[in-house]
Amino acid sequence: MMREMARSARGLLGGALLLAALLPAGPAVADSSEVAFPEASGGSNPSSSNARLVLPKTAYPSTRADPLVEQVFGQRVADPFRWLEADPRTDGAVATWVAEQNALSGDYLARLPARERFAGRIRSLFDFERYGLPRKAGRSYFYTRNAGLQNQSALWVRKGVEGKQRLLIDPNGWSADGSLALAQWEPSPSGKYVAFAEQEAGSDWRTLRVVDVASGRIFDERIAWANDTEIAWVGDEGFLYSRFPAPRAGDDPRAPRFNKAVWFHRVGTAQDHDELVHATPENPAWSHKALVTSDGRWAVVVSEVSTDKRNAVHLIQLDGRRSGEWKAQPLVPEIADHWKLVAGIGDRLWFLTDRSAANYHLVSIDLAHPKKGWTVVVPERGNTLEGARMIGDRFLLSYLKDGQTVAVMTDRKGKPGKAITLNGIGTASGFGGRPGDPETFYQFTSFNLPPAIYRMDLQRGTVTPFAVPRMAFDPADYLVEQRQYPSKDGTMVPLYVVRKKALAAAGKPLPTLLYGYGGFDIALTPAYSPVRMAWLEAGGAFALASVRGGGELGRSWYEAGRREKKQNSFDDFIAAGEYLVKEGIAAKGGLAIQGASNGGLLVGAVVNQRPDLFAAANPDVGVMDMLRFDRFTSGRFWVDDYGRPDREEDWHTLRSYSPYHNIDGGRAYPAILVTTADNDDRVVPAHSFKYVAALQAAEIGERPRLLRVEARAGHGTGKPVEKVIGAGADVLAFLAYWTGLDSEAVR
């Protein structure tokens with residue numbers, strides 16, 4: 001408790017110093033176009049170079065600082081940059097500020113010695129044929145495919161697993177800049193139709209369409225305002241989907257969203273003929289999604305109130321239903337536990353749930369005899385049961401063990417069969433299918449292995465390649481290690497470390513990029529990234545810390561890093577950096593950190609708490625103002641993870657680590673490149689705008705604190721390959737320069 005009080009006092013002092021500095025009119029600075037940067041010496045460590053790309057405060061664009069101070073729960077809180085919360089797409093002053101910031105960062109990043117080399121190498125590492133996991137419907141197999149450098153992956157279909165493939169939907173012709181993406185898709189049970197979602201400029205909003213598979217004709221109807229939806233077919237008649245009410249004229253597009261409901265769309269009709277299936281106007285904060293069992297008998301509606309894994313369940317019997325009649329009956333009426341539908345055959349349904357089982361167990365219920373209650377089919381075990389499918393005549397269960405996926409097959413009574421073993425450290429995913437299917441497909445990837453897809457014959461027990469990529473490097477050249485390190489309170493935290501084997505054998509500390517997330521019960525597992533591989537090829541090390549707040553080690557790991565325990569996430573990440581330096585993996589003065597979304601919050605918080613530990617930082621699309629996050633778009637869903645800013649106890653916790661409010665003037669900060677996108681409607685870019693404005697106004701040294709705003713992009717999904725390459729090159733060049741990674745080593 002005393003440690004928490006001391007930490008809070010330090011944070012409030014930093015806020016008070018920032019308030020004093022910002023209450024006067026904004027600093028008078030030179031226009032960014034007048035700044036002459038010192039030349040960078042290629043590949044030298046900036047800590048020892050006489051030619052450094054430093055930026056004095058006068059280099060930054062002028063930012064207005066308003067004398068806005070509020071009294072909240074007994075404390076005075078300054079928010080001088082609240083005007084930057086306005087949407088740059090409609091507010092001229094914010095748009096001008098963003099343009100000036102982009103001009104400064106664009107000029108700076110273009111001068112970095114490794115920038116063009118990284119762009120070329122990332123492009124080469126992207127240039128391989130990539131496939132998505134196949135889905136079977138009728139006799140057809142559907143999957144995405146990218147020839148290599150296409151901005152968006154296209155949807156292909158083939159008759160039979162060995163059939164000739166045919167292009168069905170190609171989003172690459174939808175927009176000139178490649179920003180209109182194929183977001184999700186679902187074939188009807190017979191394979192006659194595919195419903196798919198268009199995603200524009202990275203937005204979370206979706207427009208649903210339908211394509212006739214035989215002819216390739218896309219129907220005229222457009223279903224708007226879908227957001228975070230399932231597509232659940234009711235035979236070939238139509239599908240269930242979720243949407244919010246259409247906004248009214250004058251509505252703020254960044255306001256919180258309510259009254260999300262399930263609707264039914266009949267193929268060949270306009271959206272205004274869609275039927276309302278399930279809504280709760282008495283509980284407008286509830287959000288609903290629908291699934292349909294593989295035999296088509298039941299629609300299962302799950303209802304949630306936040307990103308916390310808790311939901312209610314309602315059932316709609318589909319067989320014998322009259323047109324337009326949707327009667328939902330409660331199965332689990334309260335939002336208290338997590339329920340995930342696994343399968344349904346006739347009157348029996350199977351779910352994964354954490355009710356009475358923190359690591360989840362597989363249960364079933366007979367709807368013909370509901371009073372008998374739930375039957376445990378597969379009991380809880382030591383590792384988290386994160387997924388299950390009924391395929392053929394058995395269950396395929398996915399367990400998370402030490403941050404890796406282990407698959408186990410059982411019969412329908414839960415009797416275990418043999419585990420599916422995979423060589424090396426990596427992540428297996430997929431394992432989709434339906435009861436009666438003779439096969440399943442899965443994907444395997446790791447830090448040094450692009451995703452490869454395999455077909456498993458469930459009758460014979462054999463595995464054959466379906467799509468294995470050709471690589472532009474040798475995976476055997478890289479060492480992937482799984483380690484543990486002690487955090488501040490002694491908790492042992494898992495850590496992946498990836499380096500070239502030759503460099504690891506030499507024992508020389510390397511410029512190191514440390515990545516983390518630590519939130520929302522989400523597990524970060526080994527995965528391939530062309531951008532990350534370019535860093536490794538150039539001689540850097542990469543580390544992934546599984547900090548508390550994530551889902552890598554089950555529910556207790558998540559609980560230990562949220563709400564009032566959020567500081568554990570930051571302590572774990574700081575301890576990871578200290579461990580990497582102590583063990584001689586990271587060069588002293590050569591450690592960079594990176595994280596996205598909740599991971600951007602993580603990076604912002606630890607930079608404030610330990611600026612001396614890091615040479616460079618890249619908080620990406622981060623949540624930076626913890627006192628106002630719930631006021632925008634989907635922010636209200638995050639209160640179970642962070643706490644409620646309108647609740648005093650939670651507010652004090654949030655205030656103690658909020659990146660925007662705890663910048664510590666008077667200490668030298670690392671070089672910081674903040675990245676976001678103008679169309680991010682999940683974590684609105686105002687978080688990054690306000691944070692950067694506060695960084696640039698503070699007395700924290702001359703290392704740069706820059707803002708890069710991607711145009712026509714969102715929170716990450718749907719971003720065109722060319723934009724990924726450009727952003728990756730900018731970020732790596734920035735981190736490489738400030739950690740001393742040799743630019744000549746980039747191919």
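Here, each number is a calculation from the coordinates, and none is a lab measurement. Everything numeric in this text was worked out from a predicted model, so none of it was measured. Note that each Cβ is placed from the backbone with ideal geometry, even for glycine, and that neighbours are counted across all protein chains shown.
Table for the structure above
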| quantity | calculated |
| --- | --- |
| Nearest-0.05 FRET efficiency for V406 and R145, computed from C-beta distance (R0 22 Å) | 0.15 |
| D (Stokes-Einstein, µm²/s), Kirkwood Cα radius, the chain, 1.002 mPa s at 20 °C | 79 |
| Footprinting exposure proxy for M471, M492 (fewest neighbouring C-beta atoms within 10 Å first) | M492, M471 |
| Volume per residue that the Cα convex hull of the stretch 673-744 spans, once the total is divided by residue count, Å³ | 92 |
| Ordering of 411-421, 207-217, 651-661, 430-440 by burial proxy (mean other Cβ atoms within 10 Å per residue, highest first) | 651-661, 430-440, 207-217, 411-421 |
| Centre separation in Å (Cα based) which lies between the stretch 596-663 and the stretch 261-301 | 35 |
| Amide H partners (placed H, <5 Å) of K566, local residues excluded | none |
| Sites W174 and E722, calculated FRET efficiency, Cβ-Cβ separation with R0 25 Å, nearest 0.05 | 0.95 |
| Virtual spin-label span in nm between S190 and A368, 7 Å along Cα→Cβ | 2.8 |
| The stretch 131-336 - convex hull of alpha carbons, volume per residue in Å³ | 149 |
| Highest-first arrangement of 457-470, 700-713, 682-695, where packing means the average Cβ count within 10 Å | 682-695, 700-713, 457-470 |
| Whole-percent pair-distance distribution, where bins are 10 Å wide, for the alpha carbons of the stretch 505-638 | 13, 42, 34, 10, 1, 0 |
| Relative contact order of the stretch 131-336, defined on C-alpha pairs under 8 angstrom at six or more residues apart (%) | 10 |
| From phi via Karplus (6.51, -1.76, 1.60), per-residue ³J(HN,Hα) for the stretch 199-204 in Hz, x at Gly/Pro | 10, 9, 6, x, 5, 6 |
| Relative contact order %, the stretch 477-581, counting alpha carbon pairs below 8 Å whose residues are six or more apart | 29 |
| ³J(HN,Hα) computed for each position of the stretch 701-708 - Karplus, 6.51 cos²θ - 1.76 cosθ + 1.60, integer Hz, glycine/proline x | x, 9, 5, x, 10, 10, 10, 10 |
| Length gained when the stretch A285-K413 is fully extended (0.36 nm per residue, less Cα-Cα span) | 42.3 nm |
| Surrounding net charge for K57, when Lys and Arg each add one and Asp and Glu each subtract one, Cβ distance under 9 Å | -2 |
| Candidate aspartates and glutamates for bridging to K309, where Cα separation is under 17 Å - those fewer than 8 sequence places away on the same chain excluded | D228, E230, E334, D337, D354, E386, D521, E552, E559, D640, D641 |
| Peptides 144-152, 542-550 ordered by average Cβ neighbours within 10 Å, highest first | 542-550, 144-152 |
| Span from the the stretch 165-198 Cα centroid across to the the stretch 313-361 one, whole angstrom | 30 |
| Residue order, fewest to most beta carbons within 10 Å, for W738, W97, W374 | W374, W97, W738 |
| Extended-chain gain in nm, criterion 0.36 nm per residue less alpha-carbon gap, T462 and D437 | 7.5 nm |
